[in-house]
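S.K.: Please read through the structure below; I'll follow up with questions.
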Amino acid sequence: MLDITVIILTYNEEIHIQRCISNAKKFAKEIFVVDSFSNDRTVEIAERMGAKIYQHKWLYPADQFNWALCNLPIQTEWIWKQDADEWLTDELITELHQRIPNNPQCVNGYTAQCLRKFMGKEIKHGIIPLILLRLFRYKYGSVENKMMDEHVIISEGDIGALRHPFYDDNLNGLTWWTNKHNNYATKEAIELLKTEYGLSEYDVVHSGSHSESIRKKKLKYVKLPLFWRSFALFVYRYFFRLGFLDGKEGFLWHFLQGFWYRSLADAKVFEIKKKFNHNPDQIKAYLIKNYGI
């Protein structure tokens, strides 16, 4: 096995955890599951498969992962950050076995492309490629302390690019998905307001050129009119980037994730602005008081 520790954050992931750990065992020397007191069989399954379990109260993903980096007894040179509903392709695992033992000393992180499955079908069209920094040298990486849109960042060194992808492949149904994205929309609304009113350090981060490009585009998105921006994003993805080629699943993905979810976030932004009569000082005070800025 490679000198890599995989860290998996979980809460009620019994539907995914066996697949995730089985996948990680193909390349990782050690697997840690940081659980947020699941009330299903997540911990039982993970223990049976040989993962080491730690429990920690959940606040938000960045806080949980950074806690793991500071408190787990990590002995390996490298860390792979893996969500419970993700899995690496065999091609990516082979590439890791080929490249990591011969890694240049100046490279402290690697990006890989994240591909998306939705309702069991790969979404090949319409989405902007998602390239994430997921592998980093221990002690050189952390996660931005943000509620949403957080990136793994490295403190120094170069960032390499892995050629093969991993998959985000959630097996839960649409009711679960929409409930989750309703919660995400609240967090997204707060991040949008923080950025709009200058309360967020929305700097370009050392997380790879793709993440830097996405961050710059989001800064432009924040300045666009409410609701029109979510509609324009849907049209861009579904028609101009050919999202319609992925059939009914493609329509549902682009409508729900590209339009409904982002319109819901905008509605929550509008609700907060209306509550304070669009007064910037009152909105800032509300955000500072309630969201620990």
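S.K.: Using the structure shown, decide if residue 195 is β-branched (Val, Ile, Thr), more than 28 Å from residue 93 (Cα to Cα) and open to solvent by 40 Å² or more (accessible area, probe 1.4 Å).
M.R.: Here the answer is no, as residue 195 does not meet what is asked.
S.K.: Touching a Gly at 6+ places or on another chain (Cβ under 6 Å), open to solvent by less than 30 Å² (accessible area, probe 1.4 Å), more than 19 Å from residue 265 (Cβ to Cβ) and modelled with pLDDT of 95 or more: does that describe residue 162?
M.R.: Values: touching a Gly at 6+ places or on another chain (Cβ under 6 Å): no; open to solvent by less than 30 Å² (accessible area, probe 1.4 Å): yes; more than 19 Å from residue 265 (Cβ to Cβ): yes; modelled with pLDDT of 95 or more: yes.
No: the conditions fail for residue 162.
S.K.: Another question, if that's okay. All but one of (1) free of Cβ contacts under 8 Å to residues at least 24 places away in the same chain; (2) not in a helix (DSSP H, G or I) hold for residue 127; state the number of the condition that does not hold.
M.R.: Checking residue 127 against (1) free of Cβ contacts under 8 Å to residues at least 24 places away in the same chain; (2) not in a helix (DSSP H, G or I), the one that fails is (1).
S.K.: So residue 108 fits all but one of (1) at pLDDT 95 or above; (2) out of contact with any Cys (no Cβ under 8 Å at 6 or more places or on another chain); (3) open to solvent by 60 Å² or more (accessible area, probe 1.4 Å); what number is the exception?
M.R.: (3)
S.K.: Please determine, by comparing only the residues of region 150-173 that are in contact (Cβ under 8 Å) with a residue 60 or more places away in the chain and aliphatic (A, V, I, L, M), which one is farthest from residue 105 (Cα to Cα).
M.R.: Once the filter is applied, the top-ranked residue is 171.
S.K.: Shifting gears a bit: Is it the case that residue 221 is at pLDDT 95 or above and under 29 Å from residue 276 (Cβ atoms)?
M.R.: The answer is no for residue 221.
S.K.: Looking only at strands (runs of 3 or more DSSP E) that lie completely in region 1-95, which have at least 3 residues being open to solvent by less than 50 Å² (accessible area, probe 1.4 Å)? Write out each step before concluding.
M.R.: Numbers: elements: 2-10, 28-35, 52-55, 78-81, 86-88.
Of the strands (runs of 3 or more DSSP E) lying wholly inside region 1-95, those with at least 3 residues that are open to solvent by less than 50 Å² (accessible area, probe 1.4 Å) span 2-10, 28-35, 78-81.
The values are calculated or read from the model by the stated rules, or taken from the named source; none is laboratory data. This structure is a prediction, so every number in the text was calculated from the model and none was measured. Every residue, glycine among them, receives a Cβ derived from its backbone with ideal geometry; neighbour counts consider all protein chains shown. The accessibility values were calculated without ligands, DNA or RNA, using every heavy atom of the protein model including side chains. Shrake-Rupley method; radii C 1.70, N 1.55, O 1.52, S 1.80 Å.
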